[in-house]
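Engineer: Okay, here's the structure, questions in a sec.
The values are calculated or read from the model by the stated rules, or taken from the named source; none is laboratory data. On a predicted model such as this, the values are computed, not experimentally measured, just so you know. Cβ atoms come from the backbone with ideal geometry, glycine included; neighbour counts cover every protein chain shown.
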Amino acid sequence: MVVMSSPDAASPAPKRLTKTVRSRADREIGQIVEGCTILEKRVIIPPNPRERRMGVYDYLVEVPPQVVKPQGTKKRPPAPAPAQPSFTRATPEEMRGGLIRRLPSR
């Protein structure tokens, strides 16, 4: 589950994009999960070692800024290829032999 959010404008910290990542991996603040740095950690389901059950955690992570590619002029679609004439199978006369030899069936 991924939720994109942005901190409040009233916060003194610089604006940065964040998202929430749900994971079964137990990570600490400052580590990297899915290529993003963990800012906050919440335990959704605590781990139970007796039952060998892993916990479930929600991480608030900082999303690295994405490079926005400038949109250039739109390219025209290529011109359609000229229609090719339909081809038919050559007749024996057109194949320079005029004679078709058939092998007897076995």
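Engineer: Residue check, ARG27 against (1) part of a strand (DSSP E or B); (2) surrounded by 15 or more Cβ atoms within 10 Å (Cβ to Cβ), all met but one. Which one?
Structural biologist: Unmet for ARG27, out of (1) part of a strand (DSSP E or B); (2) surrounded by 15 or more Cβ atoms within 10 Å (Cβ to Cβ): (1).
Engineer: Identify all residues within the range 45-63 that are among the charged types (D, E, K, R) and either surrounded by fewer than 13 Cβ atoms within 10 Å (Cβ to Cβ) or at pLDDT below 90 (or both); write none if there are none.
Structural biologist: ARG50, GLU51, ARG52, ARG53
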